[in-house]
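To keep things clear, I will list the structure first and then write my remarks on it.
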Amino acid sequence: MIGRFPSRTHIGRRRLLLGATAGLVAGPALIASAAPNFTADPFQLGVASGCPRPDSVVLWTRLAPDPLNGGGVGPEPVPVDWEIAEDDGFRRIAARGQHIATAAWAHSVHVQVQGLKPARWYWYRFRAGGTLSPVGRTRTAPAANAVLDRFRFAFASCQQYELGYFTALRHMAARELDLVIHLGDYIYETSWGWHRVRHFTGAIPTTLDEFRERHAQYKTDADLRALHAAFPWLVIWDDHEVADDYANDISHRNRDPKFFLTVRRAAYQAWFEHMPVPMSAAPVNGSLRIYDHYRFGSMLDVMLLDDRQYRSRHPCVTDSRTTKRPVDCSERTRPDRSILGAAQEGWLDGSLATAKARWTVLAQQTLMAEVGRGGQGEQGFMVDRWDGYPASRQRLLDSITRHRIANPVVIGGDVHSFWVSDLKRDFATKGPVVATEFVGSSVTSNGPSQAAVDRVLAANPHLKYGRGDKRGYVAMELTPQTLTTHFEAVDDVQDPQSAVRRLRSFVVENGKTGAVPA
Ligand code: FE
Ligand code: CA
């Protein structure tokens, strides 16, 4: 019947087909688990989509009828039907299929749907054990050569669940957007801050089960689920998906390196299981590649970067318990140090060589601009940021210059404050501005005082704007002529009904690097 999921016999036939042609799992296991009986809704964690290409998108869900007690599915593989339609009534079905969710991946579902049309909305849903999931909406990328009048996206980062409500995400969900980008600190591993409006269910996660529970608890938040269901996302991670300020295989919180690598492996797997990324992105031997290049017509190239997994260790750190004090030493500027790692630096240079769109956005974790302390008694640099890796930053900016990127824009998070900056090869000189940087505040995480931000602004003329006392997100509107950035701020992050209002807007003109107030 058109508009409904196929009948049971129909599914049986297709399951045989899948088993025969795709060889996903052996037949007997499928038959054993053909009709699981869930005692509660298996779709409590919602649905999500991501990785939009002109002809494909990834659909995600995870079966978890008991999300905070291990998921509640048991060891059996479970067949999950999915369908994607051109209308929200599911009358014009574009594709259908079945995914076998297994306990090995926490019964998460990652379907990369192929053969879709570019630049259009689709609606999708899942069914397992006779239960239908909520409906999600997604959008494919425009064709690579499509000429667009406009493209709109918003980005966010740093959502410490205990410190406030995800009002910023609710506000994003109500916008008209083509895409959402999340820059990391999607979960936090630790409890911190002074005033908590809600609480994590467990202690600091170190095992796979504990990381799964933390991700599941995040997805009990209705605002987060609604934003996932509203738009396709591109996702990268930062440090708190694993451990505060970790660098590659080193963590000042887990000082036994062998133990830390087991923590990181668990954290990466749980991240994969809860994000709308394809099965082909599943971690291998404890590594997971998240850096990638997306195109949105002739308007936008997006490079997703990973400045955590491959970075050199923090320089100059004399107290191994913290990386949060400004420090300096000759190691910091060594040319062999990298925040991206040699392989990713090489990949990025190659990708920039092919970036031909009007705007190129480098989506990465943290503040890229140099932050000199200006002799305020706090000399040195914050080495967890790009300031700990200045040679790596110079190579990136040189690559942008060498490939004559038309309008390079860097976006970041991590520092829980809004920033606009001019990125330069040498921040001490009046040399050319190579790229424009916008850093978003946190969704909830506490930020620095405005007094501290004002001191930094006074000492660093390449920083055009800074705001530390507001939580929120950033929306971007791209046209062939301008890129307009809106900093949106939540009035009171601890009030679930809080208003969100525009703090400031900035414009970058085509061909003129650097932002000016709108
Ligand atoms: Fe953060
Ligand atoms: Ca961070």
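The values are calculated or read from the model by the stated rules, or taken from the named source; none is laboratory data. Predicted model only: the values in this text are computed from it and were never measured. Neighbour counts run over all protein chains shown; Cβ positions are idealised from the backbone, glycine included. Protein only, heavy atoms only, side chains kept; ligands, DNA and RNA dropped before computing areas. Shrake-Rupley method; radii C 1.70, N 1.55, O 1.52, S 1.80 Å.
Quick notes on this structure:
- Unpartnered cysteines - no second Cys beta carbon under 4.7 Å - across the chain: 51, 158
- Judged by the mean number of other Cβ atoms found within 10 Å, the most tightly packed of the peptides 343-356, 437-450, 395-408, 147-160 leads the ranking 437-450, 147-160, 395-408, 343-356.
- Carbon plus sulfur fraction of accessible area for the chain, probe 1.4 Å, in percent: 51
- Local net charge near residue 165, Cβ-Cβ under 9 Å (Lys/Arg +1, Asp/Glu -1): -1
- Here's the list of lysines a cross-link from residue 512 could span, going by alpha-carbon distance under 24 Å and ignoring same-chain residues fewer than 8 apart: 356, 424, 430, 464.
- Taken over the range 277-333, the alpha-carbon convex hull comes to 157 cubic angstrom per residue.
- Debye, to nearest 20: dipole size of the range 261-377, +1 on Lys, Arg Cβ, -1 on Asp, Glu Cβ: 260
- Heavy-atom accessible area with a 1.4 Å probe sorts 436, 201, largest first, into 201, 436.
- Average accessible surface area per residue within the chain, 1.4 Å rolling probe, Å²: 39
- From phi via Karplus (6.51, -1.76, 1.60), per-residue ³J(HN,Hα) for the range 37-44 in Hz, x at Gly/Pro: 9, 7, 7, 9, 4, x, 10, 5
- Tilt relative to the chain, helix 8-17 - C-alpha long axis, 0 to 90 degrees, to 10: 70
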